[in-house]
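Values in this text are rule-based calculations from the coordinates and carry no lab data. These figures come from a predicted structure and were not determined experimentally. Glycine also receives a Cβ, built like all others from the backbone with ideal geometry; neighbour counts cover every protein chain displayed.
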Amino acid sequence: MAPLRRALYALATNPQLESAVHAVAPVEELAYHAARRYVAGRTLDEALTTVRRLVDHGLAVSLDLFGEGVDDEAALADVVDGYRRAAAALGDVDGDVYLEIVPSHLGLDLGADICRRHVEELVGMLPAGARLEISAEESRRTPRIVDLTLALAAAGAPVQATVQANLRRSPADVDRLAASGVPIRLVKGAYLEPASVAHPWGEETDLVYVRLARQVHAAGSGLVLATHDRVLREALLETLPGTTVAMLLGVREDDARTLVARGHPVRIYAPYGDSWFRYLMRRLAEAQGA
Ligand SMILES: Cc1cc2nc3c(=O)[nH]c(=O)nc-3n(C[C@H](O)[C@H](O)[C@H](O)COP(=O)(O)OP(=O)(O)OC[C@H]3O[C@@H](n4cnc5c(N)ncnc54)[C@H](O)[C@@H]3O)c2cc1C
């Protein structure tokens, strides 16, 4: 991986830098100015305006509240409340909008049962036809996230999983998820991982991405290609009919519009809230390109 990309990824999980940016108002505003293209808003109301704009352009949306790694009960109560308000608001949007959650944001590190209880409540609030989309996190959380997803699916919850192509365990996870009928959103993977658990970023991950996309498609539970990589995407769309594309808000928006005009369903990941800094650093890393 290019040194700048690696450095920016590492800064995404540097709490000192994050606190320093938020501590000085003009610095925070400057950083938010850079983040704005990737962020649906700092409040739910702003985010809903963004969601409606996307829906008006023929795009589906996954709405997510920024955050991860919540490990105290008081903070978790606030997060759950935020997600409840988001879930309740989806019913007022006339479009194909999913709610997305990051499991460690909803208490996964406090206990899988705690997280599952909150997720089940949110599933119960979703409007008809909407799914709960589950983000993928660092590999140390992957086993618990896959188990949570399978348990929710077994209980009949409309969930969609995210699988990271770079993780060496992903072919086995795809087998288990697809066997349970869980649709899979395939991403390259946004975390720095040791070589023992992950393929290096670049050609090796891209090749696994192709293999996994074919594996998911053949299993028939539903494939979403979540990538901005035009070569990968176009090659796969040609051979894997019925596939949806997912993209991040603010990245290659022209591509999203072109895909919709060509008749491909496109879903945009639209995150909102105050904790946008880590997300900005990851997107700046990826904007460096190959
Ligand atoms: C809908 C969606 C959901 C995701 N959810 C998760 C998740 O739950 N867990 C997880 O680990 N990862 C997630 N990711 C991130 C993913 O793992 C990658 O880190 C990210 O998408 C970059 O990889 P890429 O496939 O776009 O390919 P890359 O090879 O990184 O990029 C392809 C091309 O797109 C351009 N590009 C990429 N990003 C940007 C940018 N920010 N600004 C400008 N140009 C850019 C690059 O210049 C490059 O030329 C998600 C991605 C998407 C699209």
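At a 10 Å Cβ-Cβ cut-off, how would you order M247, M125, fewest neighbours first?
On the way: M247 21, M125 18.
Result, fewest neighbours first: M125, M247.
Count neighbours as other Cβ atoms within 10 Å of each site's Cβ, and list the trypsin sites (Lys or Arg not before Pro) in region 123-180 that are DSSP loop with at most 10 such neighbours. The partial results should precede the final answer.
Working: sites: R131, R140, R141, R144, R168, R169, R176; in loops: R131, R168, R169.
Here no loop site has a sparse enough neighbourhood.
Distances over 26 Å make up what percent of all Cα-Cα pairs in region 1-126? Numbers along the way, then the final one.
Values: 2638 of 7875 pairs.
The share of Cα pairs beyond 26 Å in region 1-126 comes to 33 percent.
Among V163, V93, V174, whose mean-square fluctuation peaks in a Gaussian network model of the chain (Cα, cutoff 10 Å)?
Judging by the Gaussian network model, the answer is V93.
Return the single residue from A219, A89, A195 with maximal mean-square fluctuation; model: Gaussian network over the chain, springs between Cα atoms under 10 Å.
Comparing A219, A89, A195 in the GNM, the peak value goes to A195.
Residue by residue through region 226-236, what is 3J(HN,Hα) from phi via Karplus (6.51 cos²θ - 1.76 cosθ + 1.60, θ = phi - 60°)? Round to whole Hz and write x for glycine and proline.
Calculated HN-Hα couplings, in order: 9, 7, 9, 7, 4, 5, 4, 4, 5, 4, 6 Hz.
Counting only residues 5 or more places away or on other chains, whose amide H sits under 5 Å from the amide H of Y98 once H atoms are built in the peptide plane?
When sequence neighbours closer than 5 places are left aside, the close amide H contacts are V61, S62, L63.
For region 8-24, take each phi angle, set θ = phi - 60°, evaluate the Karplus expression 6.51 cos²θ - 1.76 cosθ + 1.60, and give the result in whole Hz per residue in order, putting x for glycine and proline.
Working through the residues one at a time gives 5, 4, 5, 5, 4, 10, 9, x, 5, 5, 4, 5, 4, 5, 6, 6, 10 Hz.
Ignoring everything except DSSP H segments at least 4 long, calculate the 222 nm mean residue ellipticity for the chain; use -39,500 (n - 2.57) per segment, divide by total residues, nearest 500.
-15500 deg cm²/dmol
Order of H33, H228, H118, H57 from fewest to most other C-beta atoms within 10 Å? Can you show the working numbers first?
Numbers: H33 9, H228 18, H118 21, H57 13.
Placing the least packed residue first, the sequence is H33, H57, H228, H118.
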